Amino acid sequence: MKLNELRNNPGAHKHKHKVGRGSSSGLGKTSGRGVKGAKARTGNQVHGFEGGQMPLHMRMPKRGFKNIFANKFSELNLGRLQKAIEDKKIDAGQKITTDVLRKANIVHKSRDGVRLLAKGDFSIKIDIEVAGASASAREAVEKAGGTLTTTFKKAEYMNKKGVPGKRKQRRADAAEKRAARAA
C-alpha cells in the first residue's frame, strides 16, 4: 500500500453532477430540468395546480358566513370566578376589572372585553366591572349582594375624515325629522 494508492471505499463518495457546462456533458442548457415553466425553476412548485383542470379547492362548495364586524369577548363563568377568589388569585374586597382578571391569568384574548356568564355556583359579594354580562349572571351577582357594571360601547366606524359615514348621517337626519314632526 502506497500513498498514491489510497482510495475511499467503493460507494463512500458520490460525485456531484456539474450542470450547465455545455451540451456535450449531457447536462447542459436546461441542466436536466426539461423545458421552461414553473417546474424548471428551483424551489418553485405550484401547489394546488392541477394542469389547468379546475382545482379541488375551487370545485368544493363554499358554505357559511364570517361576520368581520362581530364583537369578540372572552367568556368567564361565575363558577370559575368564585374558584379564583377562593384560591386567592383575586381579592374580592377590591374592584374586579378586566385588567385584574388578565393579571390573575383567568381570561386571555379579549379584544372587546370580558363577558360574564352564569354557569356555576356563586355566593361571594363582589364589585365587578366587565364589558358585558348575561341577565342571569347579573341576577346571581346582585343576589349575592354585589354590584355588576357593564362598560361595552359598540365601536362607531368613521370615514377617512374622522366623521361617521353617509348612512349614519342619513339615519340621524331622518330621526331629527321624525322628532320635529312628532313635536
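The values are calculated or read from the model by the stated rules, or taken from the named source; none is laboratory data. Computed from a predicted model, the values in this text were never measured in an experiment. Every residue, glycine as well, gets a Cβ built from its backbone with ideal geometry; the counts of neighbours run over all protein chains shown. Please note that ligands, DNA and RNA were not included when accessible areas were found on the heavy atoms of the full protein model with its side chains. Shrake-Rupley method; radii C 1.70, N 1.55, O 1.52, S 1.80 Å.
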Checklist entry - So which of LYS103/LYS160; LYS66/LYS166; LYS95/LYS143; LYS66/LYS88 end up more than 29 Å apart by C-alpha? => result LYS103/LYS160; LYS66/LYS88
Checklist entry - What dipole magnitude, in Debye to the nearest 20, does the chain give about its Cα centre under +1 on Lys/Arg Cβ and -1 on Asp/Glu Cβ? => result 1560 debye
Checklist entry - When every alpha-carbon pair in segment 136-181 is counted, what percent end up more than 17 Å apart? => result 62 percent
Checklist outcome for this item: On the accessible surface of the chain, probed at 1.4 Å with all protein chains in place, carbon and sulfur together account for a percent value of 52 percent
Next on the checklist: If I take every Cα pair under 8 Å that is 6 or more residues apart in the chain, average their sequence separation and divide by the length, what percent do I get for the relative contact order?
Outcome noted: 13 percent
Next on the checklist: For a bin width of 10 Å, list the pair-distance distribution of the chain built from all Cα-Cα distances, rounded to whole %.
Outcome noted: 7, 18, 12, 13, 14, 11, 11, 9, 5, 1, 0, 0
Next on the checklist: Applying a 10 Å radius around every beta-carbon, put 131-142, 31-42, 59-70 in order of their mean neighbour count, most first.
Outcome noted: 131-142, 31-42, 59-70
Checklist entry - Listed here are the pairs LYS72/LYS125; LYS109/LYS154; LYS89/LYS119; which of them are more than 21 Å apart at the Cα? => result LYS72/LYS125
Next on the checklist: What is the sum of charges, Lys and Arg at +1 and Asp and Glu at -1, for the other residues whose Cβ falls under 12 Å from the Cβ of ALA183?
Outcome noted: +2
Checklist entry - So in the chain, what percent of DSSP beta bridges are antiparallel if you round to the nearest 5? => result 15 percent
Checklist entry - Measuring from centroid to centroid over Cα atoms, what is the spacing of segment 36-108 and segment 148-169 in Å? => result 25 Å
Next on the checklist: Over the chain, with the other protein chains present, what is the accessible area per residue in square angstrom, probe 1.4 angstrom?
Outcome noted: 84 Å²
Item to check | Cβ-based charge dipole, the chain, positive-most Cα from ASN159, LEU81, GLY26 | outcome: GLY26
Next on the checklist: Quick check: from the Cα gyration tensor, does segment 1-87 come out rounded (a/c under 1.5), prolate or oblate?
Outcome noted: oblate
